[in-house]
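The values are calculated or read from the model by the stated rules, or taken from the named source; none is laboratory data. Quick caveat: nothing in here was measured; it's all calculated off a predicted structure. Every residue, glycine as well, gets a Cβ built from its backbone with ideal geometry; the counts of neighbours run over all protein chains shown.
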Amino acid sequence: MADRGPKSLVKGNIALAEGAVQAGLKCYFGYPITPQNEVPEYLSGRLPQVGGTFLQAESELASINMVYGAGAAGVRAMTSSSSPGISLMQEGISFLAGSQIPAVIANVMRCGPGLGGIKPTQGDYYQATRGGGHGDYRTIVLAPNCVQEMFDLAGLAFELAEKYRNPVLLLSDAVIGQMAEGAYLKHEKPPVRHESPFTVTGAKGRPPLNLRSMYLEGDDQEELNYTLREKYARMTRDEVRFETREIEDAEIVIVAFGTASRIALSAVREARKEGMKVGLFRPKTLWPFPAPQLRELSGRVKKFFDFELNLGQMVDDVKAAVVPGTEVKFWGRPAGGLPAVGDVLEKLKEF
Amino acid sequence: MNRIEINFERCKGCYLCVTACPRNLIEEGHELNAAGYYPARFTSSQSCTACALCATVCPDVAIEVWKDVDATAPANKKEEAKSSG
Amino acid sequence: MAKKVFGRPQALCDVPTHYCAGCTHGTAHRLVAEAIDHFGVADRAVGVAPAGCSVMMYKYFNCDTIEAAHGRALAVGTGIKRARPDMFVFTYQGDGDLASIGLCETMHAANRGEAITVIYVNNAVYGMTGGQMAPTTLLDQRTTTTPAGRAVANEGYPLKMAEILANLDGVAYCERVAMYDAKQVRRARKAIFHAFELQIKHNAFGFVELLSACPTNLKISPLKAQKWVEEEMVKTFPLGLFKDLPAETAAGNDGAAQQAKGAAHAV
């Protein structure tokens, strides 16, 4: 493994921000909202150090549109927010997808719906994976579950955004954002840049370029959608990421992401101590969802326990992925309720 | 002779040029173009001064203005500086 | 021998436009193109298009352009300019885009003194969508959403952007012009050139409001529409210079210098 230097004790939000900086982040535009304020606060001092630009925008609406502009100009740009602010950004995300402009958007989830509280939740799964904006588009959704992954996946997010000229969502929650853990604050590999000719950088030595997402002539808008579909097919084929623990002989597999996966992992260990054959399947990309892998697993495992911090959202994708005859049960607590390991263990036993 | 050229297919017959011309040298046309408009018509070169007021108000950049060039006349240079980019 | 003394600017594509007969968007486009030519910025310019009739301006300008969501042009422009300060960034927006849905982004970009040139075409109506009320619709003016005429009690007063923005410290230059006759068009040209110069030489925020005619939605002839601007619109929207800081103090927003200062205090 490459030398990643010493570990630092750092908050998730800071790791996210530093991961972005080291991946070549040059422009950050964002608006304060709990529980992610460390991101803009940290970047306000850090970005100028690396010759980047930090601007506190007047709203989340403005933020996502500034990211759209900077990304269109060929510069690595990101914004961060939390659930209600991400709702405000949906139009902008649709525009990014339609105009095929790279961007990274970090959502440190808080409860909803509405103003909600500031406790952690996973209530934005649908919003992230189904696309809260209008039209047929997808965003890659990366779901870190620890501070190290906040750092690492921030870097990956930029690579994927540029590779596919698409917005990428980094989906975490208030727990991961606020917790401090030891993490390497140096990427394993230097960031990979995918430069694109489709940037508005001035028509010097080339014909003028226009970036837009409205095509009024003939079937052009339809053609755009097919172009996007082909792109999303490539993402689905090439960008699935997931992790499994103790599934080799598992009879029940917990499917969980983010913070829920940490609780689930502890429950798996406790269950194993009691002789239960339980494993964990943790998607790291919520979109593209590791459906083929779950399907294959469900050939052998007949009981899946979908555990999320919401009223049941990812469970739809789990149910759609597994072979008929597989039992899928959901249990979770929405809007700030954090189950204890014992609670999960109890539900496992009931299963 | 000074003159203007109205792009027949480009003109939308708004006739802002008709009002703009201080010498009434443009009139409403009666011939249809492909877009379905009746383009304006330049009627006479005799008294055109190439002031370019017509072209200045034309929203469709459908008018080009040509000035008779006399290299020795300083007044021409002033006109050129005013109306060209 | 004859010499051409007036023709199409290079920065304006030689194509017919979709604008209605007598719509002064065409005139405004030409003036902007003349400025692009004059200052030689075609190869580093990017125009940010609004939603509205001029959403299709990418067809008409020989420079890079980008579509922005309705109202967000100044946020998009800010993003581009902050990412690439060497580029010349202009937004071209209508009254709905700049003064209704985009009002917040407009105020803040102006307040920050972004080094962006804003071309604001005010024709007192929503043209593209069929003639609804705009923030700048005149009192008593009938539109499809004010069939009895705009009333103070229900719709409030027309919004005067040039006056409002002139009050913001970040704004270096703010002028309202019109295009209803040749004299006004020439004045408008000067204003646009001045705004361009302010960005190029002084990194300053320049704002030009151009009173414009929408013959189609006013339901009158192009000539009568120009008269309407001259005689009616100007009563509510007086022409004139509202702010023009001297060049030395028009330094506006120098983002890089600010960032360097901030770095010294970084945690």
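Filtering segment C:46-64 down to residues that are in a loop (DSSP other than H, G, I, E, B) and facing another protein chain (nearest Cβ under 9 Å), which residue is farthest from residue C:189 (Cα to Cα)? Give the derivation first.
Pass one, segment C:46-64, residues in a loop (DSSP other than H, G, I, E, B): C:50-52, C:60, C:62-63.
With the extra rule that they be facing another protein chain (nearest Cβ under 9 Å), the set shrinks to C:51, C:62-63.
Working: C:51: 24, C:62: 19, C:63: 19 Å.
Among those residues, the one meeting the criterion is C:51.
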Worksheet item: For segment A:304-321, which residues satisfy the criterion of being part of a loop (DSSP other than H, G, I, E, B) and in contact with a helix residue (DSSP H, G or I) (Cβ under 6 Å, 6 or more places away or on another chain)?
Response: A:309, A:313
Discussion item. Could you check segment C:155-200 and list, in sequence order, the residues that are in a helix (DSSP H, G or I), over 19 Å from residue C:26 (Cα atoms), of a type in the set (D, E, K, R) and modelled with pLDDT of 95 or more?
Written reply: C:163, C:197
Discussion item. All but one of (1) facing chain C (nearest Cβ under 9 Å); (2) modelled with pLDDT under 95; (3) touching a Pro at 6+ places or on another chain (Cβ under 9 Å) hold for residue A:57; state the number of the condition that does not hold.
Written reply: (3)
Discussion item. Within segment B:10-23, does at least one residue satisfy the condition of being touching a residue at least 24 places away in the same chain (Cβ under 8 Å), in contact with a helix residue (DSSP H, G or I) (Cβ under 7 Å, 6 or more places away or on another chain) and exposed (fewer than 13 other Cβ atoms within 10 Å of the Cβ)?
Written reply: yes
Practice prompt. All but one of (1) of a type outside the set (Lys, Arg); (2) assigned by TED's automatic domain parsing to the domain that holds residue A:336; (3) at positive phi hold for residue A:205, so report the exception by its number.
Written response: (2)
Worksheet item: Do we have residue A:143 as within 22 Å of residue A:338 (Cα to Cα) and over 13 Å from the mean Cα position of the chain (by Cα) here?
Response: no
Fill in: Matching residues in segment A:22-41 - criterion: being within 8 Å of chain C (Cβ to nearest Cβ) and crowded, with 24+ Cβ neighbours inside 10 Å
A:27, A:29
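Any idea which of B:61, B:65, B:57, B:69 is within 11 Å of chain C (Cβ to nearest Cβ), in contact with a helix residue (DSSP H, G or I) (Cβ under 7 Å, 6 or more places away or on another chain) and at pLDDT below 90? If you could, list the steps in order and put the result at the bottom.
Details: B:61 fails: at pLDDT below 90; B:65 fails: at pLDDT below 90; B:57 fails: at pLDDT below 90.
The unique qualifying residue is B:69.
Residues being basic (Lys, Arg) and either more than 7 Å from chain B (Cβ to nearest Cβ) or part of a loop (DSSP other than H, G, I, E, B) (or both): count how many of those fall in segment C:1-17.
Of all residues in segment C:1-17, those basic (Lys, Arg) come to C:3-4, C:8.
Then drop every residue that is not either more than 7 Å from chain B (Cβ to nearest Cβ) or part of a loop (DSSP other than H, G, I, E, B) (or both), which leaves C:8.
Counting residues in segment C:1-17 that are basic (Lys, Arg) and either more than 7 Å from chain B (Cβ to nearest Cβ) or part of a loop (DSSP other than H, G, I, E, B) (or both) gives 1.
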Practice prompt. Scan segment B:8-35 for residues that are at positive phi and either at the interface with another protein chain (Cβ under 10 Å from one of its Cβ atoms) or modelled with pLDDT under 95 (or both) and jot them down.
Written response: B:13, B:15
Discussion item. I'm trying to understand the selection: among the residues of segment C:106-138, which are at pLDDT 95 or above and in a strand (DSSP E or B)?
Written reply: C:117, C:118, C:119, C:120, C:121, C:122
Worksheet item: Is there a residue being within 14 Å of chain C (Cβ to nearest Cβ) and under 30 Å from residue C:90 (Cα atoms) anywhere in segment A:7-21?
Response: yes
Worksheet item: Can you tell me how many residues in segment C:71-105 are within 7 Å of chain A (Cβ to nearest Cβ), touching a residue at least 12 places away in the same chain (Cβ under 8 Å) and not in a helix (DSSP H, G or I)?
Response: 2
Practice prompt. Could you check residue C:43 against (1) under 19 Å from residue C:128 (Cβ atoms); (2) free of Cβ contacts under 8 Å to residues at least 40 places away in the same chain; (3) at the interface with another protein chain (Cβ under 8 Å from one of its Cβ atoms) and say which number it fails?
Written response: (1)
